[in-house]
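Asks: Structure provided below as structure tokens; questions to follow.
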Amino acid sequence: MELERTAQVARKSKETDITVSVSLDGGPVEIETGVGFFDHMLTALAVHGGFGMTVHAEGDLYVDCHHTIEDTGIVLGQAFGKALGDKGGICRFGSFFVPMDEALAFASVDISGRPFLVFQGEFSEERVGDFDTCMTEEFFRALAFNAGMTLHLRVEYGKNSHHMIEALFKAAAHALREATAPSGGGVLSTKGILGYTKNRNC
């Protein structure tokens with residue numbers, strides 16, 4: 001099955017109303033979630049990943065930013081998963097380090113059809129602007145599980161929470177850029193398919 005490489009997904013609940021479009025091969029970037037720092041991070045994810053991406057989210061920010069950020073991760077993950085199709089014809093794996101001033105972050109991804117997140121990072125500040133720093137892990141968990149990818153993220157070191165989180169988003173972007181790049185081949189697996197099977201070797 002040929003990769004679509006583009007997708008649009010909409011999701012509406014009592015807490016959020018979100019529409020996302022993704023193009024793996026680039027395009028316009030337009031982000032509007034109502035959470036300024038999160039907009040900044042999603043823009044970095046799109047630009048450094050080389051992705052076209054539009055995100056329009058309305059959420060119950062009078063409660064806090066949790067639902068908006070997590071649900072955006074859900075919908076964005078679904079859009080990536082849809083754009084990747086059967087996950088054939090891509091490089092599948094990507095890893096990247098990104099420094100940002102005193103902070104250094106690492107990301108490694110396997111677009112495997114087996115969702116998993118390993119997250120290592122502690123932030124000294126509870127908030128960056130209107131963004132709760134604890135939502136960094138929640139966003140990436142929602143993204144990984146809904147896209148069907150294994151994602152490992154680690155803050156090697158750092159002091160400024162803004163720098164640490166931004167380095168994580170940029171590292172994830174570059175790892176995804178490597179993993180989603182066209183390979184010119186089929187599904188990169190000894191089984192010929194990706195996802196959960198009784199034999200997990202692939």
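Asks: Apply the Karplus parameterisation 6.51 cos²θ - 1.76 cosθ + 1.60, with θ equal to phi minus 60°, to every residue of segment 55-70 and state each ³J(HN,Hα) to the nearest whole Hz, in sequence, with x for glycine and proline.
Replies: 9, 10, 10, 10, x, 7, 5, 5, 7, 5, 8, 4, 4, 4, 6, 5
Asks: Consider a paramagnetic label point 7 Å from the Cα of Tyr157 along Cα→Cβ; state which residues of segment 73-112 have an amide N under 11 Å from it.
Replies: Residues 102-104 qualify, since their backbone N sits under 11 Å from the label point.
Asks: Classify segment 1-120 as rounded, prolate or oblate, taking a ≥ b ≥ c as the square roots of the eigenvalues of its Cα gyration tensor: rounded when a/c is under 1.5, otherwise prolate if a/b is larger than b/c and oblate if not. Can you show the working numbers first?
Replies: Working: a/c = 1.65, a/b = 1.18, b/c = 1.40.
In terms of gyration-tensor shape, oblate.
Asks: Tell me which residues come under 5 Å, amide H to amide H, from Val128 once H is placed; ignore anything under 5 positions away on its chain.
Replies: Sorted by chain and number, the residues that satisfy this are Thr133.
Asks: To make sure I understand the rule: partners must be aspartates and glutamates, Cα under 18 Å from the Cα of Lys159, and not fewer than 8 residues away in the same chain. Which ones qualify?
Replies: The reachable aspartates and glutamates, counting only those whose Cα sits under 18 Å from Lys159, are Asp101, Glu102, Glu122, Glu125, Glu126, Asp132, Glu137.
Asks: Just one of (i) 10.9; (ii) 12.6; (iii) 18.4 is mean projected area of the Cα convex hull in nm² calculated from these coordinates, so which is it?
Replies: Read-out from the structure maps to (i).
Asks: At 222 nm, what value in deg cm²/dmol follows for the chain if DSSP H runs of at least 4 each add -39500 (n - 2.57) and the sum is divided by all its residues, to the nearest 500?
Replies: On the way: 4 runs with 66 residues, N = 202.
Computed ellipticity for the chain at 222 nm equals -11000 deg cm²/dmol.
Asks: Turning to a different aspect of this structure: Against the longest alpha carbon principal axis of the chain, how many degrees, from 0 to 90 and to the nearest 10, is the axis of helix 161-180 turned?
Replies: Once rounded, one gets 20 degrees.
Asks: Let me ask you something else. Show me, for segment 87-100, the HN-Hα J-couplings you get by feeding each phi into the Karplus relation (A = 6.51, B = -1.76, C = 1.60, θ = phi - 60°), rounded to Hz, glycine and proline as x.
Replies: So the Karplus estimates, Gly and Pro as x, are 6, x, x, 10, 6, 6, 9, x, 9, 7, 9, 9, x, 9 Hz.
Asks: Turning to a different aspect of this structure: In nm, to one decimal, how far is the Asp64 label point from the Lys12 one, both placed 7 Å along Cα→Cβ?
Replies: Once both label points are built, they end up 2.8 nm from each other.
Asks: By count of other Cβ within 10 Å, fewest leading, how are Thr68, Thr133 ordered?
Replies: Values: Thr68 24, Thr133 19.
Ordered from fewest to most neighbouring Cβ atoms within 10 Å, Thr68, Thr133 come out as Thr133, Thr68.
Asks: So what J values fall out for segment 121-134 if you push phi through Karplus, 6.51 cos²θ - 1.76 cosθ + 1.60 with θ = phi - 60°, rounded to Hz, Gly and Pro as x?
Replies: x, 10, 10, 6, 10, 6, 9, 10, x, 9, 10, 6, 4, 5
Asks: Taking the Cα centre of the chain as the origin and placing charges on Cβ (Lys, Arg +1; Asp, Glu -1), which of Gly89, Phe116, Phe169 is farthest toward the positive end of the dipole?
Replies: Value: Gly89.
Asks: Out of segment 1-95, which GluC sites (Glu not before Pro) are coil in DSSP terms and have no more than 16 other C-beta atoms within 10 Å? The partial results should precede the final answer.
Replies: Working: sites: Glu2, Glu4, Glu15, Glu30, Glu32, Glu58, Glu70; in loops: Glu2, Glu4, Glu15.
Loop-located and lightly packed - Glu2, Glu4, Glu15.
Asks: While we're looking at this one, here's another question. Could you state the number of Å between the C-alpha centres of segment 53-67 and segment 76-142?
Replies: After rounding, the separation between the Cα centres reads 19 Å.
Asks: Now, a different point. Ignoring the sites themselves, what is the longest stretch of the chain with no chymotrypsin sites (Phe, Trp or Tyr not before Pro) in a DSSP loop and at most 11 other beta-carbon atoms within 10 Å? Intermediate values should be presented prior to the final figure.
Replies: Values: sites that count: Tyr62, Tyr196.
Here the longest segment lacking exposed loop sites spans 63-195.
Every read-out reported here was derived from the displayed coordinates using simple, explicitly stated rules and does not represent laboratory data. Treat the numbers as computed from the prediction; the structure is a model and nothing was measured. Using ideal geometry, Cβ is built from the backbone for each residue, glycine included, and neighbour counts are taken over all protein chains shown.
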